[in-house]
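A quick write-up on the structure given underneath.
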Amino acid sequence: MKKTIQFTIILMISVALLFGCAQDSTETQGDEPFEVTVTISVDYGDEVITDDSFMVEPGTVLLDLLEQEYEVEKTADGFITAIEGIEQDGSRFWIYEVNREEAQVGAGDFELSPDDQVVFDLHAWE
């Protein structure tokens, strides 16, 4: 009986230490800056305007990064109308994708994640 109690106590302490260490590791990783890449192009990448990597803080929103690093024009609603002096027109629009998937929210609502690959491309929207 005494050995069973000792075993149970040792097991509980081991489990507590294991979970405690795992949580500390996760919290530390979530606070560190991470890298993302941003490519600005025209006509499905036929002309690459710029291709850059940035270190960003957790919680960084895509539109904030764009406005910090590039010349960006937008409407009052936050729709991007020009990047680096290249304006959209009635037939071509600035459309972006992240990690090869078309974005489902506006750049002002998209929170970046580690290793995101963002492509803003000016092309006809189909």
Requested in this report: Sort out which residues of the stretch 31-47 are within 13 Å of the chain's Cα centre (by Cα) and farther than 30 Å from GLU126 by Cβ, and write them in order of number.
Outcome: PRO33, PHE34, GLU35
**Report entry** Residues satisfying the stated conditions in the stretch 74-96, i.e. within 22 Å of the chain's Cα centre (by Cα), surrounded by fewer than 16 Cβ atoms within 10 Å (Cβ to Cβ) and in contact (Cβ under 8 Å) with a residue 24 or more places away in the chain
**Finding:** GLY78, PHE79, GLU84, PHE93
Report task. For the stretch 32-67, enumerate the residues that are of a type in the set (Val, Ile, Thr) and touching a residue at least 60 places away in the same chain (Cβ under 8 Å). Result -> VAL36, THR37, VAL38, THR39, ILE40, VAL42
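No value in this document is a laboratory result; all are computed from the given coordinates. Computed from a predicted model, the values in this text were never measured in an experiment. Every residue, glycine among them, receives a Cβ derived from its backbone with ideal geometry; neighbour counts consider all protein chains shown.
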